[in-house]
Amino acid sequence: MTVVVGTAGHIDHGKTALLRALTGIDADRLPEERRRGMTIDVGYAHLELSDGSALDFVDVPGHDRLVGNMLVGAGEIDAALLVVAADDGPRAQTYEHVELLDALGIRHGIAVVTKADVAGPDRTAEVVAAVRSVLAPTSLDGSPVLAVSSTTGQGVDDVQGALTDLRDRVIRDAARSGSDGTVRLAIDRVFSIKGRGLVVTGSFRGDRLDRGMTLRLEPGRRAVRARELQVHGHPVESATDGGRVALNLTGIDPSAVDRGAVLTTDPAVIATDRLLVLLRPPVRWDRRSGARPIVRGGTFRLHIGTAAVDARFRRGIRHGTDLSDGRRVATLGLDRPIAAAPGDPFVLRLPSPVATVAAGFVLDASPPRGASLRRVEPATLAALVAAWESGDPAGTLGARIALHGIVASSETRPPTGTRAMGPWLVEASIAERLEVEAIEAVDAQHQREPLAPGMPSAELRRRLARSIRRAVTVDE
């Protein structure tokens, strides 16, 4: 598995310089970035390790006005590399980036205190302790904190060793989670090369991506073919076990592909303009204003994967169903369709004044609408949350059937309380009502016309279809 590590930290704290010292690659790829001495868009580098494997790096901007670009990079990483300058200490974007990494559920990382040669040992030790305090209330609590000088090389070897340990932790965690054999790549760069055509890049998720493979582009359900693959600038026949990949695509107009779109073979990834989500307040530190409640009204900016879209709470459970632990289940309506799947983490931010108002993950990418959603019991939503968080596939499937009434599934053993009807799993009470209605309709037809051969099947299907539409919401 090729692990993707995202940098984080305040502007001018030395993220790009540290990557250059580690990899020999300048991740500032744009002329304006080199001219201004700051990262503006997402940059990329890779480190060849002594065992022949590699780490991929995503270098993100540290400027407060470029947090949206930071989230593009952070949306598809496996681990984080937090950088804090010893002469400056944790600053505004240090806290904001750590808050966002925690919101996205990033559990693996290391922190590096740079410019140790400038600050001296006493100040460096003070900042190392401060960084540990910053990480303590977050998902990155306990991450190693190292001191380094990118200029003199002091501590660089220690950072490389810590990165190898970080890779091993991520791989062990991924092995426990397993793989479903599907492919997914959230696009973060789109450009054209003369004579070659459309090229996209992203962090590849899945077991294997082959040259010539046909993928589905979402939103849009367009079939595209990966004519060529490149890893670290070199053509390859296959990419395996993740990492950064560039694809030369055929079968689609370049104008139809944007940052935020997804290439996939996963049927769970769909284009949607509404989401059923679990929300929690973002982490806060004592130095800040304390815990803020989840804001319920207005327009927000949803950052999910490499996409960003305006979002609003929708009717139904518009103000949410509060869980006992202070979190909330809610529905979000989006200004345009995006590609999403259950389990996808996201960050919800206010555009002005800029602030993170909630973290969360997708419970359902095609939730019931309107009255159908209002009929959903809070216990059903709580069961869906519990099943997702416990990693129980059967429990998740059962909770989704309770939510929709019917779900397309190839499961051969329906969960308790459900019935298999062709390619569908139906809530048992709904299946029983349909059976009773079918018997009553046929009996009524017989009472009216006792000599008739029976009710035409087309008429019976029409009647039952009306009942089904009132009782269930079909997965899209």
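Mind putting together the pair-distance distribution for region 239-287? All Cα pairs, 10 Å bins, whole percent per bin, short to long.
13, 33, 29, 18, 6, 1
Over 43 Å, how big is the tail of the calculated P(r) for the chain, in percent of all Cα pairs?
Of the Cα pairs, 22 percent sit more than 43 Å apart.
For the Cα atoms of the chain, what angle does the longest principal axis make with the long axis of helix 92-103, in degrees from 0 to 90, nearest 10?
30 degrees
How large is the helix-only mean residue ellipticity at 222 nm for the chain, computed as the sum of -39500 (n - 2.57) over DSSP H runs with n ≥ 4, divided by its residue count, in deg cm²/dmol to the nearest 500?
When only DSSP H runs of four or more count, the value is -9000 deg cm²/dmol.
Over the chain, what relative contact order in percent results from Cα pairs under 8 Å that are six or more residues apart?
11 percent
Compactness ratio of region 114-183: Cα Rg over 2.2 N^0.38 Å, N = residue count?
1.45
Find the relative contact order for region 382-450 and round it to a whole percent, using C-alpha pairs within less than 8 Å whose residues are 6+ positions apart.
Over region 382-450, the number comes to 21 percent.
Would you mind getting me the FRET efficiency between residue 416 and residue 152? Use the beta-carbon distance for r and R0 = 56 Å, nearest 0.05.
0.30
For region 94-221, give me the percentage of DSSP beta bridges that are antiparallel, rounded to the nearest 5 percent.
Antiparallel: roughly 75 percent of the beta bridges in region 94-221.
Based on the alpha carbon coordinates of region 156-255, what radius of gyration and maximum Cα-Cα distance (Dmax) apply, in Å?
Rg and Dmax of region 156-255, Cα atoms, are 15.6, 47 Å.
In region 374-437, what trypsin sites (Lys or Arg not before Pro) fall in a loop by DSSP, with at most 16 other Cβ atoms inside 10 Å?
Answer by residue number: 375.
No lab work stands behind these numbers, since they all come straight from the coordinates. Quick caveat: nothing in here was measured; it's all calculated off a predicted structure. So basically every Cβ, Gly included, is an ideal-geometry build from the backbone, and we count neighbours across all protein chains shown.
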